Amino acid sequence: MDINKILEKYNNFKDTYKYAYIGLPKGFNGLSKPYFGTLNSFLKQHPNFKTKEKLPTLFYMHGSAGFSKGETYRKWIVNETNFIFFAPNSFKIKNRPTYKTPASIKKYEKVHKLRQAEIVYNLRKLQSLEFIDFKNLFLMGNSEGGLAAAFYKGNEFKARIVTAYSCENGYYSKDFKIGARRYDPFLNIIGTHDEYFAKDSKPSKDYDVQGHCTQALKKFPNAKVVILPQTKHDITKNIYVKSEITNFLNLWRKKS
């Protein structure tokens, strides 16, 4: 995969960063309340935001429907863990490839490649933000973004969280492989009734899949797979999800 060719083809990648969704915790550098908005809006409101303090940061890849689930994750993470939250805005890319399931594998793969380029580009841009603790940088993705987060092959991230995605080849991908290092902490959360990736889901019915990341992570000693009974693709509705994610972040942040 030639990331630079993708960045050249879609030449307004800068907007994925400029309009990225961010969250900053209350009290950070004097903030009177948590900030939830876009990076562009924050920099306009706080043009002189300078601090030597660095905070752990969660880099989040949203799903094919956009940032809707990300709003929930952002509030949980900022309010419960004191992390910075950063999510590239993929929908700002002009003429980006899209799909509607069921679709051809070729359409899915075009999107997967674009999302990888998003991670690379935004990691480069984040270097300009002095308040990010790059020793405590975590990668998370939901659904389409979950594949992107699981597949990414760089070693910049301390740990990964993959929600509503099963880490398997099938109707959705043909060359998937976990990109994390063997000892990287890894959390996968998925429901038994996920409409897209569960074993018995309609799109997966003709494929030999398990419906979760266990097989892909069997050689990863710091991995955890949480399978939620009676839970669909929107796992944010399950009462256990918030604590699973925040406990994971708090655990591995402390092990610097």
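All conditions in (1) within 27 Å of K106 (Cα to Cα); (2) surrounded by fewer than 21 Cβ atoms within 10 Å (Cβ to Cβ); (3) touching a Ser or Thr at 6+ places or on another chain (Cβ under 7 Å) hold for K135, with the sole exception of (1). The residue of segment 11-34 that is farthest from V120 (Cα to Cα), among those that are surrounded by 19 or more Cβ atoms within 10 Å (Cβ to Cβ) and of a type outside the set (S, T, N, Q), is P25. Figure legend. Inter-residue proximity from segment 231-244: first residues small (G, A, S), second residues not in a loop (DSSP other than H, G, I, E, B), beta-carbon distance below 9 Å, spacing 6+ or different chains. Indicated pairs: S243/E80. For segment 29-46, the candidate set comprises residues that are in a helix (DSSP H, G or I) and touching a residue at least 40 places away in the same chain (Cβ under 8 Å); within that set, the residue that is nearest to F197 (Cα to Cα) is L39.
Given the residues T192, T163, which is the only one that is more than 23 Å from E109 (Cα to Cα), of a type in the set (S, T, N, Q) and in contact (Cβ under 8 Å) with a residue 24 or more places away in the chain? Only one candidate passes the filter, namely T192.
The set of residues in segment 152-184 that are of a type outside the set (S, T, Y), under 20 Å from G211 (Cα atoms) and assigned to a loop (DSSP other than H, G, I, E, B) comprises A164, C167, E168, N169, G170, K174, D175, F176, K177, I178, G179, A180.
L251 meets the conditions (1) surrounded by fewer than 22 Cβ atoms within 10 Å (Cβ to Cβ); (2) among the aliphatic types (A, V, I, L, M); (3) not in a helix (DSSP H, G or I) in every case but one. The failed one is (3). A148 falls short on exactly one of the conditions (1) in contact with a His (Cβ under 8 Å, 6 or more places away or on another chain); (2) over 23 Å from T98 (Cα atoms); (3) not aromatic (F, W, Y), and that condition is (2).
FYI, it's all coordinate maths here, none of it is from the lab. Since we're looking at a predicted model, the values are computed, not measured. Cβ: placed from backbone, ideal geometry, glycine included. Neighbour counts: every protein chain shown.
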